[in-house]
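Colleague: Take a look at this one; I'll ask things after.
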Amino acid sequence: MTIIIGIDPGSRLTGYGIIEKTGSKCRFIDAGTIRTESDEMPIRLKRIYEGLKRIIDFYQPTEASVEQVFLAHNVDTALKLGQARGAAVTALVTHDVAVYEYTARQIKLSVVGYGAAQKEQVQQMVTRLLNIPVIPQADAADALAAAICHAHTSQTLLKLSAVDASNTTSTTPKRIVKHPSYLNKK
C-alpha cells in the first residue's frame with residue numbers, strides 16, 4: 001500500500017488530492033484546496049507551505065505527484081505559479097516525501113486519454129475512476145488526477161524494471177527513472 005498526494009499548485013488556490021494505491025487499485029482518501037486569501041505573495045507562500053505541512057503530517061504520504069509549471073503567456077503569472085510550486089515542493093521534501101513531476105498534458109493523457117482534455121472532463125474521469133459520490137472542485141480534481149497519473153506510471157515502471165531485471169545477470173538493482181522519455185511526447 002502506498003499513499004500518494006497529488007498537488008495542483010496555484011498562488012491563490014492550491015489543489016491537493018490523496019489516494020491509496022494497493023497493487024493496481026486506487027482508492028480515494030481526501031481532496032481539497034488550500035486558499036491563500038492574501039494579496040501579499042510571501043503570506044500566500046507561507047499558507048501553501050503550512051497547509052500542505054498539516055495535510056502531510058495527517059495522511060503521511062510517501063510519494064507525491066506535482067504538476068510542472070506550464071509556459072504562461074503572462075510572465076508575472078508564471079513566476080507566481082513557480083513560487084507556489086516551490087512552496088509545495090519544499091513542504092514535501094522537508095517531510096521526506098518522494099516528489100515526481102508530470103506535465104498537465106501527461107496527467108490529462110493518463111486520466112482522460114486525451115492530453116488536451118478540458119477541466120470538466122478531468123473532473124468527470126476522476127470521479128469515475130475513484131468512485132467518488134460528488135464531483136470534486138476543479139483544482140482538487142486536477143490534484144487527484146496528478147496522483148492517479150503517478151499511480152499508473154509508477155505501476156508501469158515497476159513492471160518494466162521487473163522485465164529488465166529478469167533479462168540481466170547482474171545483481172545490481174535497476175534504477176527506476178522518474179521521467180521516462182516516452183512520457184514527454186505530445
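Colleague: With a cut-off of at most 13 other beta carbons within 10 Å, and DSSP calling the residue loop, which GluC sites (Glu not before Pro) in the stretch 1-98 qualify? Please list them.
Modeller: Filter output for the stretch 1-98: 37, 40.
Colleague: Which of 96, 142 has the fewest other C-beta atoms within 10 Å, and how do the rest follow up to the most?
Modeller: 96, 142
Colleague: Now for a separate question. Take the Cα pairs of the stretch 49-124, get the Kirkwood Rh, then feed it into Stokes-Einstein at 4 °C and 1.567 mPa s and tell me D in µm²/s.
Modeller: Value of D from the Cα-based Kirkwood radius: 94 µm²/s.
Colleague: Quick one: which residues, 5+ away or cross-chain, put their amide H under 5 Å from the amide H of residue 68? H built at 1.01 Å from N.
Modeller: 102, 103, 104
Colleague: Give the long-range amide H neighbours of residue 31: residues separated by 5 or more places, or on another chain, with amide H under 5 Å away, using H modelled in the peptide plane at 1.01 Å from N.
Modeller: Hits under the 5 Å cutoff: 18.
Colleague: Which entries of 21/119; 80/108; 21/46; 46/108 have Cα-Cα distances beyond 26 Å here?
Modeller: 21/46; 46/108, as the Cα separations exceed 26 Å there.
Colleague: Which distance in Å, rounded to a whole number, links the C-alpha centroids of the stretch 73-89 and the stretch 127-154?
Modeller: Taking the Cα centre of each part, the stretch 73-89 and the stretch 127-154 sit 22 Å apart.
Colleague: Mind listing the phi-derived Karplus ³J(HN,Hα) values for the stretch 56-69, rounded to whole Hz, using 6.51, -1.76 and 1.60 with θ = phi - 60°, and x for any glycine or proline?
Modeller: 5, 4, 6, 8, 6, x, 10, 9, 9, 10, 10, 5, 6, 6
Throughout, read-outs are computed from the coordinates displayed, never taken from laboratory work. Treat the numbers as computed from the prediction; the structure is a model and nothing was measured. Positions of Cβ are generated from backbone atoms using ideal geometry, with glycine treated the same way; all protein chains shown enter the neighbour counts.
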